[in-house]
Amino acid sequence: AKRRDKNRWTLFEASMDQRYSERQGMKAALREAIRTGAMDLFYQPMFNTQGTRIVGAEALSRWIHPELGPVSPAVYIPLAEEMGIISELTRCVIERALQDAANWPGNLQVSVNLSAHDLNDRAIISVIADALDRTDLPPGRLQLEITESGLMNDLKTAREILTELRSMGLSIAIDDFGTGYSSLSYLDMLPLNKVKIDRSFVRDLTKDPKKLKLLRGVVHLARELGLEVVVEGVETEDQLVMISENNCADIIQGYIFGTPMPHGSFIELANKLSSN
Ligand code: C2E
Ligand code: CA
Ligand code: CA
Ligand code: CA
């Protein structure tokens, strides 16, 4: 038995070691992908509540590892944050997204995710100003999505940066709303235009009557503060009906109307659905 235990321990050590080196390898590959512009950008359309008109799209980065294949953003975004290279990714995303959006029909908005570190460094302001200037995109067509976790570190700086960006004409949305623990104070403290309600409010909407009460309450609160409401993660017809009947959304983003897609596919869809 002793011997077996010993072998197990050795095995355990080997796999820890292996996992460590895999992680190091992934870090190196990620750094390389960001530096060389190998990251891809997908767009998920946002719709009016009928799903008949596109009002904009969220830019979502995609990474295909040379050996491992597609890696989830839920894995590499935290890794990039930890490595201190997230702002390089943000810069790439902003530049690409603005170039792409300059070719969209109508005045569709492009929405970009910022991360904690971006909001602690005033450099983001000139990155955005330069990219807007280069693409001649009206500032109102760029929306920034910020998460509550992104605000925790240095709220004062984050607030100053956002106020300046808002005064340039950008739109600011608070993302994953309802998942953090200080959400309510942020609504009042930050220069927001929109609230993106997290999909946890939608998931059991049709099964649990309390979920509808929660959703209605959050939506009411947002509207009282003059904010537009985006509901995320709408997947089924039943969810959509419940949201519409209760007037719980201004904008819908979810698989029911469109998944994240390559830029070419988004343009095609937008040309069909932005004119009517
Ligand atoms: P997020 O900002 O909340 O983005 C929405 C996520 O929900 C996307 O996942 C999208 O594919 C997914 N989603 C959209 N509709 C539905 C639906 O109806 N049902 C379900 N189950 N999921 C839906 P994705 O692309 O895997 O991104 C995950 C997260 O990674 C994002 O969450 C965002 O926080 C982060 N992320 C992605 N790209 C970037 C980026 O370029 N920069 C930063 N800072 N973060 C990013
Ligand atoms: Ca987002
Ligand atoms: Ca210009
Ligand atoms: Ca979200």
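The values are calculated or read from the model by the stated rules, or taken from the named source; none is laboratory data. Keep in mind the model is a prediction, meaning the values are calculated, not measured. Glycine also receives a Cβ, built like all others from the backbone with ideal geometry; neighbour counts cover every protein chain displayed.
Among the residues of the stretch 128-150, write down those that are under 23 Å from Cys92 (Cβ atoms), within 16 Å of ligand 1 (Cβ to nearest atom) and of a type outside the set (Gly, Ala, Ser).
Narrowing the stretch 128-150 to residues under 23 Å from Cys92 (Cβ atoms): 128-147, 149-150.
Then drop every residue that is not within 16 Å of ligand 1 (Cβ to nearest atom), which leaves 128, 131, 142-147, 149-150.
The answer is Ile128, Leu142, Gln143, Leu144, Glu145, Ile146, Thr147.
When the residues of the stretch 224-236 are narrowed to those that are within 10 Å of Cys248 (Cα to Cα) and out of contact with any Phe, Trp or Tyr (no Cβ under 8 Å at 6 or more places or on another chain), which ends up nearest to ligand 4 (Cβ to nearest atom)?
Ranking the candidates gives Val230 first.
Could we say that Gly169 is loosely packed, with under 14 Cβ neighbours inside 10 Å and within 16 Å of ligand 3 (Cβ to nearest atom) here? Steps first, answer last, please.
Numbers: loosely packed, with under 14 Cβ neighbours inside 10 Å: yes; within 16 Å of ligand 3 (Cβ to nearest atom): yes.
Judged against the criteria, Gly169 is a match.
Name the helices (runs of 4 or more DSSP H) wholly within the stretch 200-251 that hold at least 2 residues that are more than 25 Å from Asp188 (Cα to Cα)?
209-224, 237-245
Output the residue which, of all residues in the stretch 128-178 that are out of contact with any strand residue (DSSP E or B) (no Cβ under 8 Å at 6 or more places or on another chain) and within 16 Å of ligand 2 (Cβ to nearest atom), is modelled with the lowest pLDDT.
Only one residue tops the list, namely Gly150.
Over 27 Å from Glu22 (Cα atoms) and either within 14 Å of the chain's Cα centre (by Cα) or surrounded by 15 or more Cβ atoms within 10 Å (Cβ to Cβ) (or both): is that true of Glu95 in this structure?
Working: over 27 Å from Glu22 (Cα atoms): yes; either within 14 Å of the chain's Cα centre (by Cα) or surrounded by 15 or more Cβ atoms within 10 Å (Cβ to Cβ) (or both): yes.
Answer is yes for this residue.
Checking Ser111 against (1) touching a residue at least 40 places away in the same chain (Cβ under 8 Å); (2) surrounded by fewer than 21 Cβ atoms within 10 Å (Cβ to Cβ); (3) polar (S, T, N, Q), which test does it fail?
(2)
May I ask you to list the residues in the stretch 56-70 that are within 16 Å of the chain's Cα centre (by Cα) and of a type in the set (A, V, I, L, M, F, W, C)?
Residues satisfying the conditions are Ala57, Ala59, Leu60, Trp63.
How many residues does the stretch 60-92 contain that are in contact with a strand residue (DSSP E or B) (Cβ under 7 Å, 6 or more places away or on another chain), in a strand (DSSP E or B) and farther than 17 Å from Ser111 by Cα?
Adding up the residues that qualify gives 5.
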